[in-house]
Amino acid sequence: MHYPVRKLEMTTISIAKDFSRYPAGRYTSKGHFSGERFRKEYILPVLNDDRELTIIMDGTVGYGSSFLEEAFGGLIREGFELEYLKEKLKLVAEDADFEIYPDEAWEYILEAEARQAN
Amino acid sequence: MEQIIKKRTVYWCRRQLDAAKKRQRKSRPEFKPGFDSDQCIRVTAPAVLSFSNNSAATIEFFDKLKQGVFTNRTFKVRGKIYRKRLSIELKGIERISLPCAVILSAELKRWSSHIGQVPSLQDFVKCSDRVKSLLIDLGTLSHLGISKKSYKRDRQLKSEEQITLLPLTSANWQNAKKIYKLNEQLHEVFSKFSAKHFHHRAMLEATNNVIDHAYDESLPLKYAGQPGKQWYATGSYDPSKKALRFFVYDQGAGIPSSLLNKPDWRRALEDVLGSLFGVQHDADIIEAAFEIGRSRTGLAERGKGLRDIRNVLDQTGSGYLRIISGKGDYLETADHVVQKRSHGSHIGGTLVEWSLPVSALSGEKT
């Protein structure tokens, strides 16, 4: 009997190693390492494939709120549901300086959800 | 035969005429605009170049500088069109504040990068040591092609008392690497300085605001059609005051104009300020914008950036944040004391300044 193969592969992306040590800004038209580009080129291909995604946030020079809001809050605007993101997306930071960023990114996701509900 | 002789004679005559014209051209040197009033626009800096102590004359000086650069200044000589020279006299400056040095340097940098004609700094060697020192530090003279030989440090101050300004960095896109490098340079100057995330973030968001909002095409700029839609940033270390100062400058429409141009922000500002009718004070709008950024997360975009810019004061618990934008001049200290004033005229952009004691960004105690 042939069963369809379900993709269970988990993908891990390190923003510093795979994207840039210097992420900044909201839109790609205004910066090379923008939140929009990270979302579209790194997050969406994995989530659209129904795979789990772990994003390591350590190692960059820091994040501006505009990058985080666009990269993560933008997922709600792309049409993903909060429950789906909670299931598939894992944001991690081990360095003490970076501990605030996963929580902040989730805050932007929740805010975007609340804005969309209104 | 006769025709051949005639043709050769005409040919010989033409050659003689061309040679005579060539000789005449050589004997008369090519025309270059001089420093007479009809061929040169002269802009003289006031004795005190400071927004705090001589705001009207300071803004007038920067206005004249931009008018000279961005308005038509052509004239005709012998049928040819030339551009008037622009000459800046800085030797009369007795006192110059750091924000003004930053703005002057940014204007000259924009000028040399985008207008293509290097302005002449009249009698630069006669400028005060402080003016020379600050402009050299900011990298302005290398843009203008002035040699460092004329540079002398302020002889009245010992080297450990000298203010050091970092070379002005700029970009027309969001560039975290440049901000990071600026902080590295400051670390080289003052080894105890270590950049913190909140500080990097504040500077990053200030530059993001420039790129996202300051040069919005729907906003009227003070000088239309001006090139170089950039942000400029630098930092300074003052050993005598044990203070670090960071600056982000742009030549855009100003924070108050750009906020009032966005319907959701306009409504939010009206809620805080009452009716905007009769509000003349740009500093009130800046203060209200911080208040909105602090209390409301529902507003998309700008609010979070402003919160990050101000967050440095909360994180360090010391120093001050000053924003000069449009006609407004807003200063807030870490203990929430606010000073606001209004300038007589739009400064032609926005300057964000953070001033922090060195203890805030290092282990050193003041």
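Values quoted throughout were computed directly from the atomic coordinates according to the rules given, and no laboratory measurement underlies them. Because the structure is predicted, anything quoted here is derived from the model rather than measured. Positions of Cβ are backbone-derived with ideal geometry, glycine not excepted, and every protein chain shown enters the neighbour counts.
Side notes on the structure shown:
- Computed Rg/Rh of the stretch A:14-74, alpha carbon atoms with Kirkwood Rh: 0.94
- Note on chain B: GNM, Cα springs under 10 Å; of B:330, B:82, B:11, the largest mean-square fluctuation is that of B:11.
- With θ taken as phi - 60° and the Karplus curve 6.51 cos²θ - 1.76 cosθ + 1.60 applied, the whole-hertz 3J(HN,Hα) list for the stretch B:39-54 is 10, 8, 9, 9, 10, 10, 6, x, 5, 10, 9, 7, 6, 7, 9, 8 Hz, x standing for glycine and proline.
- Exercise: per-residue mean of other protein chain Cβ atoms within 10 Å, A:15-25: 4
- Rounded to the nearest 0.05, the FRET efficiency derived from the C-beta distance between residue B:270 and residue B:338 at R0 = 25 Å is 0.80.
- For chain A, the orientation-averaged shadow of the C-alpha convex hull comes to 8.3 nm² (one quarter of the hull surface).
- Charge dipole magnitude, Cβ of K and R +1, D and E -1 - the protein assembly as shown, Cα centre, debye nearest 20: 4660 debye
- Filter on B:177/B:304; B:64/B:177; B:91/B:304 - keep pairs with C-alpha separation over 31 Å: B:64/B:177; B:91/B:304
- The Rg/Rh ratio for chain B, using Cα coordinates for both the radius of gyration and the Kirkwood hydrodynamic radius, is 1.13.
- For chain A, a Gaussian network of Cα nodes joined below 10 Å ranks A:61, A:46, A:92 by mean-square fluctuation, and the top entry is A:61.
- Taking B:328, B:319, B:79 as the candidate residues, the one with maximal mean-square fluctuation in a Gaussian network model of chain B, Cα springs under 10 Å, is B:79.
- Across the stretch B:183-190, coupling constants 3J(HN,Hα) worked out from phi with the 6.51/-1.76/1.60 Karplus curve, θ = phi - 60°, read 5, 5, 4, 5, 5, 5, 6, 10 Hz, and Gly and Pro carry x.
- Computed 3J(HN,Hα) for the stretch A:74-79, one whole-Hz value per residue from the Karplus formula 6.51 cos²θ - 1.76 cosθ + 1.60 where θ = phi - 60°, is x, 5, 5, 5, 6, x, glycine and proline marked x.
- 10 Å Cβ neighbours from other chains, averaged over peptide A:54-64: 4
- Peptide B:198-208 has a mean shielding of 5, counted as Cβ atoms of other protein chains within 10 Å of each residue's Cβ.
- Put in line by how crowded their Cβ is, counting other Cβ atoms within 10 Å and starting with the fewest, B:285, B:81 read B:81, B:285.
- The percentage of C-alpha pairs in the stretch B:61-144 whose separation is greater than 14 Å is 66%.
- Cross-link partners of residue B:340 among lysines (Cα-Cα below 18 Å; sequence separation of 8 or more within a chain): B:327
- Cross-link partners for residue B:22 among the aspartates and glutamates, with Cα-Cα distance under 19 Å and sequence neighbours closer than 8 places in the same chain left out: B:30.
- Student exercise, the stretch B:163-222 dipole from Lys, Arg, Asp, Glu Cβ charges, in Debye to nearest 20: 260 debye
- With the charge dipole of chain B set up from +1 on Lys and Arg Cβ and -1 on Asp and Glu Cβ about the Cα centre, the Cα lying farthest toward the positive end among the listed residues B:260, B:12, B:220 is that of B:12.
- Taking Cα atoms only, the orientation of helix B:302-316 departs from the longest principal axis of chain B by about 60 degrees.
- Lysine pair count for chain A [Cα-Cα under 19 Å; pairs on different chains or 8 or more apart]: 9
- Taking the helices alone, chain B has a mean residue ellipticity at 222 nm of -12500 deg cm²/dmol, built from -39,500 (n - 2.57) per DSSP H run of at least 4 residues and averaged over all its residues.
- Square roots of 5 times each gyration tensor eigenvalue, C-alpha, the protein assembly as shown, largest first, Å: 49, 32, 23
- Magnitude of the charge dipole for chain B, about its Cα centre and with charges confined to Cβ atoms of Lys, Arg (+1) and Asp, Glu (-1), is about 3000 debye.
- Computed FRET value (nearest 0.05) for residue B:241 with residue B:24, which takes r as the C-beta separation and R₀ as 51 Å: 0.20
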